[in-house]
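> Quick one: the structure is below, questions incoming.
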Amino acid sequence: MNTPVANAVSRAEVEDLLYHEAELLDGWKLDAWMALLTEDAAYYVPPNDKPDADHRFTLFTIADDIVRLRERVIRLKDPNCHAEYPPSRTRRLITNVRVVGTEGDAILVAANFSIHRYRRGGTHQEFVGRYRYRLRRVGGVLKIAERRAILDAEELGALGSVSFIL
Amino acid sequence: MTDRHNGPHDGRSPGRSMVVENRQAMSFQVRREVFVSRDILEREQRALFDRCWIYVGHSSELKSPGDFRTRWAAGRPVIFCRDRAGTIRCLINSCRHRGATVCREREGNARNFYCMYHGWTYQLDGSLRNVPGEDAYPPSFDKSRMGLVPAPRLESYRDFWFVNFDREAVELDTYLAGAKEYIDLVVDQSPSGRMEIIGGVQEYDIKANWKLLVENSVDDYHLIATHATWLNYMRNSGVNVAPPKGSGLLLATKGLGKDLGNGHLTTDNPNYRGRPVARWISVYGEDAKADIDAIRAELVGRLGEARAARVADTNRNLVVFPNLVINDGSSVTVRNFFPVAPDRMHVTAWALGPVEETEAQRARRLHAFLTFYGPGGFATPDDVAALEAVQQGFAAWRDVEWNDLSRGMARNDAQLDTDEGHLRVFWRRWNDLMAAAA
């Protein structure tokens, strides 16, 4: 971790970014959230039974390149996105944030999450897992190049769909 | 009203029909009680799940001797495995001694199955190999008769394996009837006729009655309302999803809803939304064009123009009665689902692809899959929301008693995919089997 890239970032700066992101996602400020991503960002949710698999060879729950991610945001803002209309109330608790290494100009970050999702009628679900981020500086600003939300649940089961952004 | 099905099978009070069809009046109604009643769920278990051929797995999931998958079939915990001799088995996952499951991992390769309660050990073919302290058993204890119980029937069609808990059931081949042709259209995508389940399983619950997913899987009428955001995504990606002007159609092409016999049914639609095998759309990107053309050329060379067009240019959502769905659309998905309560089901979904696919082709297939299907896709979550909304509405089943499934009944020619003729096929079969078991 004694590389220039890793040295150029503090855990506090990474935490600020992740907490800010959490606030935007919980607030459904999805356009502002997109501004935190690089122009080639990707978003993955691996399948519960193969959490460490590669999306090119394995059926994921979500494997969005930036094109599909932009479309996902368009969908999530649409009242016809029935699974998220009215939008779920979510609250994400992010902990155990660590800068774990670098790869080229990317900073690798690990964190744990617990996301509570509430819907009308008493529905409460808790999505628990770990994040793996690749962050990059673009024009001096720390941005998200890849985010991977890996669920701990053995199967989605009662969690049902992953219709909001984890 | 002529009542095609009134008999003692129809609920606690005789003559109280659950499915009422009147061909003269062109009405078809299903009583909403069938989606909420615990009594009906129990009778479905006996009349359908204990007597029909139930999908359990695919040959490709068991590549080597010793490979196993534990799962549920017709409400039973089973081990789907390949024994030392290479024979595919389906064993009930319950120790003959006192009942514990003898294999508790999701999948893997085993030398034997070991019961962790008292240490009984079974071979991969189910036979009982070792009983600790065997000398304490009386002379009547016959180890050779104490193997794991196999599903009474286990048969396959083109690598799709089904079990049947009714020893007297007709052969799978006969049971599948017209569904075979539609399984063939899927399997013919592979040059060698070998498809494989791709790693990564989607297992999720829907808070709705299982029969709602049967209907939903083949109901193209719901596409416009339920999947407005998916259609929008396709439109944004340059795919023409508009119905031809003046066609009177709801969707971009004129599809059909078909009766395949024995309660099986399918949609059969000219494709407009792209297919990895083999119809290019803009979503795949320009650089995929030549590759998809090559896949197409292989199909034509092997199957001829007409058959290749059937395989490559149509989407088909197939229901194998009662609970297997094979959707051959923007990708191929195999999914089955079991009720766990009148208002809850477990769904298991896999992706299926030709074994010959290159890395790029496989990646494209999986990308196309996630565009529509699955719990994180652009469409399936809205199906789940719709079915759960339906189930909530059914709380008033005593006050609003009937579902209407008459759509298309006045049509003189073939039923469209946006009609409900194929849904009625399911309900007639459901009703007949429930009646036969009463």
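> Hey, got the dipole for chain A? About the Cα centre, +1 on K and R Cβ, -1 on D and E Cβ, debye to the nearest 20?
Values: 24 positive and 24 negative charges, 64 e Å.
Approximately 300 debye in magnitude.
> What FRET efficiency comes out for B:ALA136 versus A:ILE74 if R0 is 56 angstrom and r is the Cβ-Cβ distance? Round to the nearest 0.05.
On the way: r = 69 Å, r/R0 = 1.24.
Efficiency computed from Cβ-Cβ geometry: 0.20.
> Can you give me the three principal axis dimensions of segment A:4-159 from its C-alpha atoms, in Å, biggest first?
51, 32, 28
> While we're here: How would A:ARG72, B:ARG344, B:ARG96 line up from fewest to most surrounding beta-carbon atoms within 10 angstrom?
Neighbour counts put them in this order, fewest first: B:ARG344, B:ARG96, A:ARG72.
> So for the pair A:ASP52, B:ALA395, with labels modelled 7 Å out along Cα→Cβ, what separation do we get in nm?
So the two model labels end up 4.5 nm from each other.
> Follow-up question, since we're still on this one. Based only on other Cβ atoms within 10 Å, what is the fewest-to-most ordering of B:ARG106, A:ARG136?
The order, fewest Cβ neighbours first, is B:ARG106, A:ARG136.
> Could you put B:ARG23, A:ARG132 in order, starting from the residue whose Cβ has the fewest other Cβ atoms within 10 Å?
In increasing order of surrounding Cβ atoms, one gets B:ARG23, A:ARG132.
> Now for a separate question. Along the positive direction of the dipole of chain B (beta-carbon charges: Lys, Arg +1; Asp, Glu -1; about the Cα centre), which of B:LEU318, B:VAL149, B:ASN271 reaches farthest?
So the residue furthest toward the plus end is B:VAL149.
> A further question on this structure: If you scale each eigenvalue of the Cα gyration tensor by 5 and take the root, what three semi-axes come out for segment B:289-330, rounded to whole angstrom and sorted largest first?
Details: eigenvalues 131, 28, 10 Å².
Over the Cα atoms of segment B:289-330, the ellipsoid semi-axes are 26, 12, 7 Å.
> Still on this model: Given only helices, namely DSSP H runs of n ≥ 4 each adding -39500 (n - 2.57), what is the per-residue ellipticity at 222 nm of chain B, to the nearest 500 deg cm²/dmol?
Result for chain B, helices only: -7500 deg cm²/dmol.
> On a full-extension model of 0.36 nm per residue, what is the gain between B:LEU249 and B:ARG411, subtracting their alpha-carbon distance, rounded to one decimal in nm?
Working it through step by step, the gained length comes to 57.0 nm.
> What dipole magnitude, in Debye to the nearest 20, does the protein assembly as shown give about its Cα centre under +1 on Lys/Arg Cβ and -1 on Asp/Glu Cβ?
Here the protein assembly as shown has a charge dipole of around 600 debye.
> Using all C-alpha to C-alpha distances in segment A:100-152, build P(r) with 5 Å bins and read off the rounded percent in each one.
Histogramming segment A:100-152 at 5 Å steps yields 5, 18, 19, 18, 12, 11, 8, 5, 3, 1 percent.
> Could you work out the helix-only [θ] at 222 nm for chain A, with each DSSP H run of four or more residues adding -39,500 (n - 2.57) and the total divided by the number of residues, to the nearest 500 deg cm²/dmol? Walk me through the numbers on the way to the answer.
Numbers: 4 runs with 36 residues, N = 166.
It comes out at -6000 deg cm²/dmol, rounded to the nearest 500.
> Once Rh for the protein assembly as shown is found with the Kirkwood sum over Cα pairs, what is the Stokes-Einstein diffusion coefficient at 4 °C and 1.567 mPa s, in µm²/s?
The calculation lands on 50 µm²/s.
> How long is segment B:299-438 along each principal axis, judged by its Cα atoms, biggest number first, in Å?
56, 38, 29 Å, listed from the longest principal axis down.
> Give the dimensionless ratio obtained when the Cα radius of gyration of chain B is divided by 2.2 N^0.38 Å.
Relative to the 2.2 N^0.38 Å estimate, chain B comes out at 1.05.
> Alpha carbons only, please: Rg and Dmax for segment B:161-310, in angstrom.
Gyration radius and largest Cα-Cα distance of segment B:161-310: 18.3, 54 Å.
> Oh, and also: Mind putting a number on the dipole of segment B:278-421 about its Cα centre? Charges go on the C-beta only, +1 for Lys and Arg and -1 for Asp and Glu, and I need it in Debye to the nearest 20.
320 debye
> Rounded if a/c is under 1.5, else prolate if a/b is larger than b/c, else oblate: which is segment B:327-395, with a ≥ b ≥ c the root eigenvalues of its Cα gyration tensor?
Since a/c reaches 1.5 and a/b is larger than b/c, the shape of segment B:327-395 is classed as prolate.
> Hey, if you put +1 on the Cβ of every Lys and Arg and -1 on every Asp and Glu Cβ in chain B, which of B:PHE378, B:ALA252, B:MET195 ends up farthest toward the positive end of that dipole?
Highest projection toward the positive end goes to B:MET195.
> Tell me which lysines have Cα within less than 18 Å of A:LYS29's Cα, excluding those fewer than 8 residues away on the same chain?
A:LYS77, A:LYS143
> From Cα coordinates alone, what are the radius of gyration and Dmax values for segment B:235-355 in angstrom?
Taking only Cα atoms of segment B:235-355, I get Rg and Dmax of 16.6, 49 Å.
> Share of Cα-Cα pairs in segment B:188-437 beyond 29 Å, in percent?
Values: 9485 of 31125 pairs.
Beyond 29 Å sits 30 percent of the P(r) for segment B:188-437.
> Restricting attention to the alpha-carbon atoms of segment B:54-164, what are Rg (one decimal) and Dmax (integer), both in Å?
13.9, 47
> Of the listed pairs B:LYS211/B:LYS245; B:LYS180/B:LYS245; A:LYS50/B:LYS258; B:LYS63/B:LYS258; B:LYS254/B:LYS289, which have alpha-carbon separations greater than 31 Å here?
Checking Cα-Cα distances, B:LYS211/B:LYS245; B:LYS180/B:LYS245; A:LYS50/B:LYS258; B:LYS63/B:LYS258 exceed 31 Å.
> Follow-up question, since we're still on this one. From other protein chains only, count the Cβ atoms within 10 Å of every residue's Cβ in B:187-200, then give the mean.
2
> In addition: Regarding segment B:157-237, what's the average projected area of the Cα-atom convex hull, expressed in nm²?
8.9 nm²
> Report the calculated FRET efficiency for B:ALA294 and A:ARG120 (r = Cβ-Cβ distance, R0 = 41 Å), to the nearest 0.05. Mind dumping the intermediate values first?
Details: r = 51 Å, r/R0 = 1.24.
Computed FRET efficiency for B:ALA294 and A:ARG120 comes out at 0.20.
Taken together, the values in this text are just the output of simple stated rules run on the coordinates, not laboratory data. Because the structure is a prediction, the values reported are computed rather than measured. Using ideal geometry, Cβ is built from the backbone for each residue, glycine included, and neighbour counts are taken over all protein chains shown.
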